[in-house]
């Protein structure tokens, strides 16, 4: 049964590592703003947007031609 | 669908057609053009009409920021060419804003990187000083109507505080989880036996873990309780601190003497739940800052004139005898005497009086006023003491602080609660001391433990925090959640008319007579522009597109009209009598006659534009409170208002800001709980005087120094809903207080009889906390839903 003590200590240590990670995450500002990152990821870089748009148009043209 | 501005989305009376799109004003067109030139049209794709309308014609000067000392003090990082600054930009409100500000480098290549923190309305901008000076960066942001503010110390501190709270919460959660696991053997029945040595180990680990939970995570309760004791106040922190201490001491005692297993799981759980409540409440008003905004108005530097040369110096370097120049909109930094001929100074931030004070050459002008009109030359009389300005303003906001953060009900309840609990525990202890001495200490502490007002302390933060969040979503922003409670007690509402019931930006203007040509229109506009009278302002706004000429010999006759020499013509605007015209039929007080030289060319009829659904709103509110209407204008609208509020005693015209304040005061003297709904800048005094002052703002991000709440003008029609929702929230709080009392009565009956078992405490205490949290959150949400909020 004494092994339980070892297990408890080990589990506490693991939990402490996660707690440390949490504190680090808060301190490094990851919890400062819970809104903008979710929006930011959706912003296109404009250059890329133009390219991808024209690609899509090209593709659809190709598709129409193929159908015809 | 009605037409709205392509840039800012506001409705308008006059439209500017530009690039096949409709705009409400030239300001919006300008920003649109800047963005279009830089190929940033995506701004309008992300959200519809995301722009900010620049209403106040104010010029801001940022050149002081280029002064070396000042620059170093505001920049977070600076190596001589690369600088980094955090700016507070209250106008940030949607994803388009984030996009625009993060793409600032496209507008100016000197900007290297900018990152927005949406919750704090903050942008961290890295820039190359060789390409763009700090002042230019500020001007750039202002030019697209994202007016930046230098972050104040107060704001920096609050950011730190919220981080700390989060860490405290995380640690408390970690400890709670682990202590609960470690107390698991106690929850099991006695059939399952564990080596007692192991259990002892578990207990000591729990003790070790609970120490940081108490003294780090929960330290604020001890600090607050101690501070309140010193001030002779019993607040909710008191019973919490007593309860936590009692649980800890008792648990420690039991573990040392090996007589029981203690209540450390309850202790850490309690701290954890309390912190969740606190964090939740803090989050509700993180986005809006009310009072601490004022320090962003402080000037850091000022223009000093030495031998006819202008130079910018930090304010702290000013000596008495220095000549300084203060421009339109700037704050006078020191007591000084006026060297210029005459000046208008606006002291509204200090005195609440919105009418500017006229000063003549040689007059002493006190620090803190804001210059209106031309730039002034002043001679400094008194060296600026550090923080003097801040003191001046703080005094005002200190008197503004009507009550502490914590809800009134809660304070009253907890006061009696604490006294009763201490009485019961002492009596219990005494009783057992006579009956069975061995049980005395145990019974005494059991009462303190079980009576720990966890559920009581949680009910208000969760109920009001949730309600505040729902109201915020509906554009009623509260300064403190405790305002909700005051809202429920209101039995007299005073409405300001201009700017509150009516939209100050919009008027219905009609001209009768010989239509003036553009040249004449420009003359009329130039004259109207000089006056602060509402009709003049409406007229100037109506003739926005006309040119502006120089005005000489301007004279204003209060309540009659204005006149001046413009382009060698004598132009007069005012009442029929004033311009010596024949009275026309219709309402006199809404008519402005125009006379150019000897000829009366006609008159303008100017009607207020009421906000939609105002009548319905007033009628609903009137069913359960007194409604009063005060107006700074003339009585032109009397009939329209009488149709709603029949009692003529409750409608007053020609009210100055001071009259309004006195009116509110008089109502208070009658024992009424008064709510003032008014314009944030002109009704400052009355807003402050009232129990609840709500500022109506077309742009809720704007500074509003002394209101308890800000409501977006478009949502004013929902005021009755907001009030009924607040009432429901208060009822929910009462109900949850009763629930937590029931738990306490049950628990106390066990504790008093000396039978409190650890298992019982471990179940009852978290259960009461959780059930109160769930009950308040769910029922507040439902109350909101039912009212369509």
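Each value in this text was obtained by applying a stated rule to the coordinates, not by laboratory testing. Keep in mind the model is a prediction, meaning the values are calculated, not measured. Cβ coordinates were reconstructed from backbone atoms using ideal geometry, including for glycine residues, and neighbour counts include every protein chain displayed.
Want the number for residue B:310 to residue B:128: 0.36 nm per residue separation, take away the alpha-carbon distance, what's left?
Full extension from residue B:310 to residue B:128 adds 62.9 nm.
What share of Cα pairs, in percent, lie more than 18 angstrom apart in the stretch B:408-547?
75
Assuming R0 = 60 Å, can you tell me the calculated FRET efficiency for the pair residue B:363 and residue B:430, based on Cβ-Cβ distance, to the nearest 0.05? Write down the numbers at each step before the final one.
Details: r = 72 Å, r/R0 = 1.20.
After rounding, the FRET efficiency stands at 0.25.
Considering the stretch B:229-289, what Rg and Dmax in Å follow from its alpha-carbon atoms?
Calculated on Cα positions, Rg and Dmax stand at 15.9, 52 Å.
Quote the FRET efficiency, to the nearest 0.05, computed for residue B:741 versus residue B:113 with a Förster distance R0 of 51 Å and r equal to the Cβ-Cβ distance.
That gives a FRET efficiency of 0.35.
Under a point spin-label approximation (7 Å from Cα along Cα-to-Cβ), what is the residue B:597-residue B:256 distance to one decimal in nm?
About 10.3 nm, to one decimal.
Fully extended, how many nm does the chain gain between residue B:554 and residue B:381 (0.36 nm per residue separation, minus their Cα-Cα distance)? Mind showing how you got there, number by number?
Details: separation 173, 0.36 × 173 = 62.28 nm, distance 3.16 nm.
Difference between extended and current length: 59.1 nm.
Report, in cubic angstrom per residue, the convex hull volume of the C-alpha atoms of the stretch B:587-664.
Dividing the Cα hull volume of the stretch B:587-664 by its residue count gives 117 Å³.
222 nm [θ] for chain B, helices only, -39500 (n - 2.57) per DSSP H run of 4+, per residue, to 500?
-14500 deg cm²/dmol
Rounded to whole Å and ordered largest first, report the semi-axes of the equivalent ellipsoid of the stretch B:115-229 derived from its Cα gyration tensor (root of 5λ).
For the stretch B:115-229, the semi-axes come out at 52, 17, 11 Å.
Would you please state the base-10 log of I(q)/I(0) at q = 0.06, 0.07, 0.09, 0.11 1/Å for chain B, with intensities from the Debye formula using one equal scatterer on every alpha carbon?
-0.49, -0.65, -0.99, -1.32
Taking the Cα atoms only, what angle lies between the long axis of helix B:518-530 and the longest principal axis of chain B, rounded to 10 degrees?
Orientation of helix B:518-530: about 50 degrees from the principal axis.
Once the piece of chain linking residue B:715 and residue B:582 is laid out straight, how much longer is it, given 0.36 nm per residue of separation minus the C-alpha distance between them?
Details: separation 133, 0.36 × 133 = 47.88 nm, distance 4.27 nm.
Answer, rounded to one decimal: 43.6 nm.
How far, in degrees from 0 to 90, does helix B:26-37 lean away from the longest principal axis of the Cα atoms of chain B, to the nearest 10?
Once rounded, the angle reads 70 degrees.
For residue B:156 and residue A:42, FRET efficiency with R0 = 45 Å and r from the beta-carbon atoms, rounded to 0.05?
0.90
If eta is 1.306 mPa s and T is 10 °C, what Stokes-Einstein diffusion coefficient results for the stretch B:63-152, Kirkwood Rh from Cα pairs, in µm²/s?
After rounding, the answer is 124 µm²/s.
Please give the helix B:440-450 orientation as an angle from the longest Cα principal axis of chain B, in degrees from 0 to 90, rounded to the nearest 10.
Approximately 40 degrees, to the nearest ten.
What is the Rg over Rh value, at two decimals, for the stretch B:503-609, using alpha-carbon atoms and the Kirkwood definition of Rh?
Answer for the stretch B:503-609: 0.92.
Using only the alpha-carbon atoms of the stretch B:425-469 as identical scatterers, what base-10 log of I(q)/I(0) does the Debye formula give at q = 0.17, 0.25, 0.32 Å⁻¹?
Cα-only, vacuum Debye calculation for the stretch B:425-469: -0.55, -0.77, -0.98.
Rg and Dmax in Å for the stretch B:706-757, alpha carbons only: what are they?
20.0, 60
Cα convex hull of the stretch B:474-520: how many Å³ per residue?
It is 152 Å³ per residue.
7 Å from Cα along Cα→Cβ at both residue B:226 and residue B:323: what's the point-to-point distance in nm?
Label at residue B:226, label at residue B:323, 5.6 nm between them.
Label-point separation (nm) for residue B:79 and residue B:164, each offset 7 Å from Cα along Cα-to-Cβ?
Placing both labels 7 Å along Cα→Cβ, they lie 3.2 nm apart.
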